[in-house]
Amino acid sequence: MSHAAALGRSSRTVLWLTAVAFVLALLVGHDVQDRLVLGGTKPIGSAAVRADELLRNLPGQGVPHIVLIARAARSVDDPGDAAAGRRLAATLAADRGVAWTVSYWTTGAPAMRSKDGRSALVTALLSGDRVQRIATARRLVADLTGRRGPLTVTATGEAVIRAETQERSQHDLRTAELIAAPLTLAILLVVFGGVVAALLPLLIGALSVVGAMAVLRLLTSVTEIGVFALSIATALGFALAVDFSLFIVTRFREELARGLDPHTAVAVTMRSTGRAMGYSAATVTLSLSALLLFPFGILRSIACGGIAITVLAAVTSLVVLPALLRLLGERVNRLPVPGPWRAGRPAGRRWYDGAVAVMRRPVVVALPVTLVLVTLGVPFVHVRFATMDDRVLPPQAPAAQAGQQLRRDFAAGGGIAPTTIVLPGAADLPALSDYARRISAVPGVLRVDTAPGSAIEGSLRAAPGSTAEGSRRAAAGSAAEGSRRAAAGSTVKGSGHAAPAVPGRAGVPHLTVTTAYEPYSMENSDLVLRLRKVGAPGPVLIGGPGGNLADTRQGIGDVLPVALALIALTTLALITALTGSIVLAVKALVMNALSLTATFGVLVHVFQDGHLRGLVGDFTVTGSIDILMPSMIFCVAFGLSMDYEIFLLSRITEEHRRTGDTVTAVARGLQHTGRLFTSAAVVFAVVMAALATSTLTPLKMIGVGLAVAVLLDATVIRALLVPAVMRLAGRANWWSPIRRRPPLGERRHGRRAHGRAHL
């Protein structure tokens, strides 16, 4: 058997095995969306999480999973409306998935009554794990919302928001795929000028996405995977697979045009472009790996999904695509599209001429470009962070509208999301009273409820007899009272009557703190930092939304320097290994940092400040952005930016070894790769723009952020700033503390005619 025949048989074997793996992946991953969860935004094992766990089963404490807002025809205290409200609360309490309920009509808590007296709250904690709670929330919302006699009922709450977010994420992912696929095909037809060549990247992208879905489905069996992980992983993997395939197919067609047979053309392609692609995939993988350091389930889920699909995109591009190209041979150029395209034609001279023009006046180009990028990044200076609530949903979503009504109509947000202070050790009542008084004197605290009574502005108000009853009398008329009276009037599943769950009397001493700030805001988080400085009678754990945001800030602050150092060191090592120059590696880091600074500034300008909403679609402006988004976008965008940098530097380095001249090397490097990485960036931006059509603000922000980062990187950075900076550095570009030997492939094939063919 000839060598060509053996390679052909091997290629067919690879394709048959790929087909079998594809079918198996479809079977394994077909239900992955049903097993994803919306969560993982709280720092794993933090003090706030431990505090919430200690109070989870205490009626009336913690953030409820469901909040029903009942709007009365006349008044919530009208006999007919009140009777309907009690029936609503009883129906909710009787459900098999409900652990406990609290309602205005059973407690009379003023905070659970709206300012106009026409709306009241019924809250519930659900039993079961996260998946079971979401299923229960879906069923209860369908059964209990709408008209209920004289009441009109709407619903919000953690489980309701999760359920609606999960449904919208699945719908938005399908919509994004329907938008991205045909647009990507159209771009590839323009780039390749032929149908067969254009379909190959789409095929590799589809293989990668299906494989990633199977991997995520397997991971759901051992850990929780966030719903955003699938959306981000599929978009990222599809775009990466198309990028990798774009470079490989282009190089293969150019080698065919030089007269090589298909098998030799594939070999030459993989020695040059394939090698650069391997470095690129490693860079993206290592950047995503930094997310594993953060103590948040959502970031680790995105890291797992992103790493899995990056590896799959690399494997399919390095193994499956070469097998296809060997079998197709010259047929890769079939079905040409009418237009100014020719298979294997040399890249146009516009990139070459543009690079030469930039390098004639590098300072004139570099200074204004740098100034523009820094200016774009200025809004990030006043960034404000918060955590996700119902406003991740579009404004017209039922849960978002109910959440807005809760903030607008109820004092202190109905008192349903207080800050809680838990004292795990023993604490006697005098010490607890003194601690409550001192906590209530902290600016921003409206009220503190605990076993000895209620403290307001440094004064403890208690009455003889029942501590709970006395505190309620002392606090009559206070709009912030809700949490304490709600606890005393809670209905526990199976009891059928009020449970005397008074703060501090359920085995774990604790304080319920009503604050003047929105629960998920930076101000509430800052308040928690002040509360931690107040002397306590023992160790304390501060929970609730404010405590979780404070711990989230600390968790990110502790890990971020390590993550950045990991990304920087691995990137320096990889680019130095690829190019032999540590100067080029440092330059790449600085260019990426500048690009990402501009990207973050754009995100703050759009999503925090609310500008340009007409371009990115409607969303709720909160005056802040989610605290986890910058870390996630940075790690993903950094890896993608390095993807293009590596392909460009690989070609520039090869040209410099050939010519020994920096200007010529940069110009020829851009001539042969500029068109390709710009086309790849446009494809990626289209995929991300399709993701940005999502109705969910986090996915919209991710789509916009990554699209802006990639487009800035492939145009302003690579076309203008890189040639200008390299021209200014001159011979210093190639300085290295060690002597670099050529890659193994070049040492073996350096004397062959096409051993140094361009990318």
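The values are calculated or read from the model by the stated rules, or taken from the named source; none is laboratory data. For clarity, every value in this text was computed on a predicted model and none was experimentally measured. Backbone-built Cβ (ideal geometry, glycine too); neighbour counts: all protein chains shown. With ligands, DNA and RNA removed, areas are computed over all heavy atoms of the protein, side chains included. Shrake-Rupley method; radii C 1.70, N 1.55, O 1.52, S 1.80 Å.
Values as computed for the structure displayed
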| item | result |
| --- | --- |
| Flag if Ala585 is crowded, with 19+ Cβ neighbours inside 10 Å, in contact with a Cys (Cβ under 8 Å, 6 or more places away or on another chain), hydrophobic (A, V, I, L, M, F, W, C) and not in a loop (DSSP other than H, G, I, E, B) | no |
| Residue ID - farthest from Gly403 (Cα to Cα), chosen from residues in the range 164-217 that are basic (Lys, Arg) and at pLDDT 85 or above | Arg217 |
| Pair list, Cβ under 8 Å, 6 or more apart: the range 546-572 residue among the acidic types (Asp, Glu), other residue at pLDDT below 90 and open to solvent by less than 10 Å² (accessible area, probe 1.4 Å) | Asp551/Pro43; Asp551/Ala48 |
| Residue within the range 319-333 that is open to solvent by less than 10 Å² (accessible area, probe 1.4 Å) and in contact with a Phe, Trp or Tyr (Cβ under 6 Å, 6 or more places away or on another chain) present | yes |
| Residue satisfying condition, being touching a Gly at 6+ places or on another chain (Cβ under 9 Å) and in a loop (DSSP other than H, G, I, E, B), within set Arg74, Arg87, Arg96 | Arg74 |
| Single condition Phe619 does not satisfy, out of (1) touching a Leu at 6+ places or on another chain (Cβ under 6 Å); (2) touching a residue at least 24 places away in the same chain (Cβ under 8 Å) | (1) |
| Whichever residue in the range 123-147 is closer than 20 Å to Leu55 by Cβ and outside any helix (DSSP H, G or I) and, among such residues, is modelled with the lowest pLDDT | Asp129 |
| For Ser169: the one exception among (1) open to solvent by 40 Å² or more (accessible area, probe 1.4 Å); (2) closer than 30 Å to Asp52 by Cβ; (3) among the polar types (S, T, N, Q) | (1) |
| Selection count where residues are modelled with pLDDT under 90 and of a type in the set (S, T, N, Q), scope the range 104-122 | 2 |
| Residues being over 18 Å from the mean Cα position of the chain (by Cα), of a type in the set (D, E, K, R) and part of a loop (DSSP other than H, G, I, E, B) - total across the range 25-54 | 1 |
| Subset of the range 413-451 [part of a helix (DSSP H, G or I) and either within 30 Å of Ser119 (Cα to Cα) or under 37 Å from the mean Cα position of the chain (by Cα) (or both)] | Gly413, Gly414, Gly415, Ile439, Ser440 |
| Test result for Ser208, hydroxyl-bearing (Ser, Thr, Tyr), farther than 30 Å from Glu330 by Cα and out of contact with any Pro (no Cβ under 9 Å at 6 or more places or on another chain) | no |
| Single residue of Thr310, Thr285 found to be in a helix (DSSP H, G or I), modelled with pLDDT of 85 or more and crowded, with 24+ Cβ neighbours inside 10 Å | Thr310 |
| Some residue of the range 617-639 being more than 27 Å from Tyr520 (Cβ to Cβ) and modelled with pLDDT under 85 | yes |
| Filtered residue count, the range 351-395, keeping only those that are farther than 21 Å from Leu721 by Cβ, open to solvent by 50 Å² or more (accessible area, probe 1.4 Å) and assigned to a helix (DSSP H, G or I) | 2 |
| Test: residue in the range 442-460 that is at pLDDT below 50, within 24 Å of Asn524 (Cβ to Cβ) and open to solvent by less than 10 Å² (accessible area, probe 1.4 Å) | no |
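This table checks each residue for (1) over 27 Å from the mean Cα position of the chain (by Cα); (2) without any contact (Cβ under 8 Å) to a residue 60 or more places away in the chain; (3) surrounded by 17 or more Cβ atoms within 10 Å (Cβ to Cβ).
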| position | (1), (2), (3) |
| --- | --- |
| Gly149 | yes, no, no |
| Ala159 | no, no, yes |
| Val190 | yes, no, no |
| Leu218 | no, no, no |
| Leu230 | no, no, yes |
